[in-house]
Amino acid sequence: MSVRILIALGSNHEQEKNVAFAMERLHSFFPSISFSRMLWTEPIGIASDRFVNALALADTDKEQEEVERILKQVEKECGRTREEKMRNIIRLDLDLLQWGTVRLREQDWERDYIRLLLQEMQWAF
């Protein structure tokens with residue numbers, strides 16, 4: 001059975017390159033995926049360069065655990081490490097925001113850029 005998922009993408013290091021990399025890799029796992037535009041945002045809660053953020057919407061028959069594993073795999077392929085994260089370098093951050101009708105990471109839904117990009121794309125859940 002297919003489920004609709006929403007993924008947040010973000011990067012504060014080689015931002016456009018890394019988000020574009022993520023989009024390409026995610027498309028290989030989720031052929032029906034569609035993406036919002038890339039949006040520059042100020043960092044929230046860390047001292048760093050600005051972020052580029054985007055959202056992705058896809059339908060999948062994969063299990064939630066497999067989707068989470070894929071997201072972590074793509075982050076690692078992009079070069080994300082714990083050491084860099086401790087220095088506030090986020091090459092790539094991929095977060096599953098919604099699984100079917102279940103909202104995940106509730107605090108992220110309050111972020112202005114999430115609301116703006118969802119509204120622009122007119123995605124319905």
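Data for the structure
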{"quantity": "Relative contact order for region 3-121, counting Cα pairs under 8 Å that sit 6 or more residues apart, in percent", "calculated": "38 percent"}
{"quantity": "Stokes-Einstein diffusion coefficient of region 41-111, Kirkwood radius over Cα pairs, 4 °C, 1.567 mPa s, in µm²/s", "calculated": "94 µm²/s"}
{"quantity": "Span-rule helices in the chain, defined as complete DSSP H runs reaching 15 Å or more along the axis (Cα) with Kyte mean at least 1.0", "calculated": "none"}
{"quantity": "Carbon plus sulfur fraction of accessible area for region 1-65, probe 1.4 Å, in percent", "calculated": "52 percent"}
{"quantity": "Helix-only mean residue ellipticity at 222 nm for the chain, each DSSP H run of n ≥ 4 adding -39500 (n - 2.57), per residue, nearest 500", "calculated": "-10500 deg cm²/dmol"}
{"quantity": "Surface/4 estimate of mean projected area, convex hull on alpha-carbon atoms of the chain, nm²", "calculated": "7.1 nm²"}
{"quantity": "Per residue, in Å², the accessible surface of the chain once ligands and nucleic acids are set aside, probe 1.4 Å", "calculated": "56 Å²"}
{"quantity": "Charge dipole (debye, nearest 20) of the chain; +1 at Cβ of Lys and Arg, -1 at Cβ of Asp and Glu", "calculated": "140 debye"}
{"quantity": "Charge tally in the Cβ shell below 12 Å around GLU42, where Lys, Arg are +1 and Asp, Glu are -1, GLU42 excluded", "calculated": "0"}
{"quantity": "Alpha-carbon centroid distance for the pair region 81-96 / region 18-46, whole angstrom", "calculated": "14 Å"}
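The values are calculated or read from the model by the stated rules, or taken from the named source; none is laboratory data. Because the structure is a prediction, the values reported are computed rather than measured. FYI the Cβ positions are ideal-geometry reconstructions off the backbone, even for glycines, and counts take in every protein chain you see. In case anyone asks, the SASA skips ligands and DNA or RNA and just uses the protein heavy atoms, side chains included. Shrake-Rupley method; radii C 1.70, N 1.55, O 1.52, S 1.80 Å.
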